[in-house]
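No value in this document is a laboratory result; all are computed from the given coordinates. Because the structure is a prediction, the values reported are computed rather than measured. In this analysis, Cβ positions are derived from the backbone assuming ideal geometry, glycine residues included, and neighbour counts consider all displayed protein chains.
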DNA sequence: TTTTAAAATGCAACACTATTGCGTTAATTT
DNA sequence: AAATTAACGCAATAGTGTTGCATTTTAAAA
């Protein structure tokens, strides 16, 4: 893998994601960063963080990608089989790391990634 | 609910979706329709079909929305709790209507919709 | 410390998906 | 056939994400 460097933008973005309870979109990150860097840089930093396995992507129900910290997914078997919850009212997307779905897939399918999202009302909004 | 009309565009789009084995995106539908109507009309017809419960949306892993026929989901409990498979090679998105995941969600959450997508290699591509 | 290679950035432009407003057309109802 | 209004076409716009390229900055080597 390519050598990556620690830059201000990367540090700030990582801190932001790690300190957030909910997954963040590019737009939300950009707003929080207060113009410390260009919007393209944010996209590139996010790509890097995903590649390094520090952050994972979630495709929200509206098609917008959100980013959240990786917790117990370091190391070899880097998988994200937990469910995400997208609140229709407060628009928050939360990782439910303890909730892992079971299912029986025909074995001809080779699964590389999973994206499970439920939408509705979160505890705060219902 | 508002009264809806059957138009050429709607009929064609519905036929297209119903005869397709895989879920279709707006772009794919537009290409197949060969300019029988404006692209905005396609968006509006799709919205109507979803509202009428004839078609359901799937958010693909790249954020693009795909549309597929509703089969056993007519009537009151219109739910789509089956898994979708998105092939990284041939880019097809397939409804696996028989594959329904199980999970234990904390009961404070109120679920309205589900979006489960696996990505990897489909039987044809693996 | 200075030099150096290339990783990272900023800026501008672009691609793609999706939505909105508005005047016009066409599908149903009467 | 006339009236109502759903549906349409067209143009413009918004939002998300990507690419190319010249410049800056990081971190390692000299």
(message) Please pick out the residue among A:99, A:111 that is assigned to a strand (DSSP E or B), without any contact (Cβ under 8 Å) to a residue 24 or more places away in the chain and within 11 Å of chain B (Cβ to nearest Cβ).
(response) A:111
(request) Would you tally the residues in the range A:17-61 being within 8 Å of DNA strand D (Cβ to nearest atom) and surrounded by fewer than 17 Cβ atoms within 10 Å (Cβ to Cβ)? (result) 7
(message) Condition first: within 15 Å of DNA strand D (Cβ to nearest atom) and free of Cβ contacts under 8 Å to residues at least 40 places away in the same chain. Can you find one or more residues in the range B:63-80 that meet it?
(response) yes
